[in-house]
Amino acid sequence: MNDYLLSLVLGIVEGLTEFLPVSSTAHLRLSEALLHASGLAPHLTLDDGYWKMYSIVIQLGAILCLPVYFRSRIATFLSTFPRGERGDRTPLTHPLGLVAVAFVVTAIPSFLLTKVIGKHLENLYIIGWSLLIGGVIMWIVDAMNAKSEAAGPSAGGGRIHTWKMENMSLGQAIWIGICQIFSAVFPGTSRSMSTIAAGQVAGMSRSSALEFSFFLSIPTMVAATGYTLLKSLRGKGENPIGVSQIDAHGWIVLAIGFVVSYIVAYASVAWFMAYVRKRGFAPFAVYRIIVGTLVLAFAARLAG
C-alpha cells in the first residue's frame, strides 16, 4: 500500500472515531498493528517519529471541524457571556466557563501524568480492557437513563434534570473533568465516552452530555495535540522529528490525512448528534465490548 492510500485510510479511521465513544487512539493503534502484521504497510509503526507526528496532525484535522460545525452555538455563547441567555449565569457557571473548569480539572493531572500516559499509549492489553470495561459502563449508564429519555423533559422527575448544556451546574463540570482524566491515562477509554457517561451519571440527558463532550474536546485536544506536535517538530520529546526532516512526499501525506480526517469528522459529528437523540449509546457500547474482546485476543496472539 503506498503512503497516499495509507494516509487516506488512516484519515478516515481518525475522522470516524475521534468523536464517537469508541476511542480513536485504540482504532489507530489497532489499524497500525493490523496493516503492519498483514504486510500491507510494513513500514507503518506509530512509535516511529514521523507516523507519531502524523497521528497528531490528523487528530488536529478532526478537532478543527468542531468550531466550524458549532459556529452558531459558539457565537451565541460568546455574545451572552458571562450572564447567559436568561441572565442568571456567572463567569464560572456560563457554558464557556463550565468548559474551562472541566478543561482545567482534566489538564493539570493529565500533564503531571504524561510519563504514565506515554508508557500506556501503545499497550494493546490496556487498550483492549479499556474498550471492554468502558463499553460495559456505557451500556449500564445509558440503560439507567433510558426511561427518563423516553419520557422527555415534560414528564418531570426521573434521573435526568439537565436537558440542555446551558443548564449545567459547576459540580457537573468538575465531575466530568475528573472522569475524563481516565481517558487521558488509559488509551481506549475514549474522551467522548468518559464525558458522556460521566454527564449521564450526573443527571444530564444524552444530547446535553454529548454536546458538552464536543465543546470540551476543543480546548482539551487542541492543547494536548498542539503541545505534543510542537515538541515533535522542535526535535524534542519521544521519537521527535524536526520540520527539516520532512520532505515534499511527507508533507503531501500529512496534508491528505489532515483534510480527509476533517471532512470525515464533520460528517461523523453531524450524524452522531442526530442518531443519539433517537437511539442512545447502547450500539456503541456493544461495539466497544466486541472490539475490546478482539483486541485482547489479537494481543494474546502477538504475545504468543
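Quick notes
- So S207, is it in contact with a helix residue (DSSP H, G or I) (Cβ under 8 Å, 6 or more places away or on another chain) and over 20 Å from I133 (Cα atoms): yes
- Test: S205 is over 17 Å from the mean Cα position of the chain (by Cα), within 26 Å of M168 (Cβ to Cβ) and modelled with pLDDT of 90 or more: yes
Yes/no per residue for (1) open to solvent by 40 Å² or more (accessible area, probe 1.4 Å); (2) on the phi < 0 side of the Ramachandran plot; (3) among the aromatic types (F, W, Y); (4) at pLDDT below 90:
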{"position": "I218", "(1), (2), (3), (4)": "no, yes, no, no"}
{"position": "T225", "(1), (2), (3), (4)": "no, yes, no, yes"}
{"position": "E238", "(1), (2), (3), (4)": "yes, yes, no, yes"}
{"position": "A248", "(1), (2), (3), (4)": "yes, yes, no, yes"}
{"position": "Y266", "(1), (2), (3), (4)": "yes, yes, yes, no"}
{"position": "F272", "(1), (2), (3), (4)": "no, yes, yes, no"}
{"position": "V276", "(1), (2), (3), (4)": "no, yes, no, yes"}
{"position": "R279", "(1), (2), (3), (4)": "yes, yes, no, yes"}
{"position": "V286", "(1), (2), (3), (4)": "yes, yes, no, no"}
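- Some residue of region 64-77 being open to solvent by 60 Å² or more (accessible area, probe 1.4 Å) and either of a type in the set (D, E, K, R) or farther than 25 Å from L229 by Cβ (or both): yes
- The residue that is modelled with the highest pLDDT, among those in region 10-57 that are small (G, A, S), outside any helix (DSSP H, G or I) and buried (at least 20 other Cβ atoms within 10 Å of the Cβ), is S23.
- Residues that are small (G, A, S) and closer than 14 Å to V264 by Cβ, drawn from region 51-87: G61, A62
- In region 148-161, the count of residues that are at pLDDT 85 or above and either in a loop (DSSP other than H, G, I, E, B) or among the basic types (K, R) (or both) is one or more.
- Of all residues in region 192-210, those being touching a residue at least 60 places away in the same chain (Cβ under 8 Å) and farther than 16 Å from I181 by Cβ number 4.
The values are calculated or read from the model by the stated rules, or taken from the named source; none is laboratory data. Predicted model only: the values in this text are computed from it and were never measured. Reconstructed Cβ throughout: ideal geometry from the backbone, glycine too, with neighbour counts over all protein chains shown. Protein only, heavy atoms only, side chains kept; ligands, DNA and RNA dropped before computing areas. Shrake-Rupley method; radii C 1.70, N 1.55, O 1.52, S 1.80 Å.
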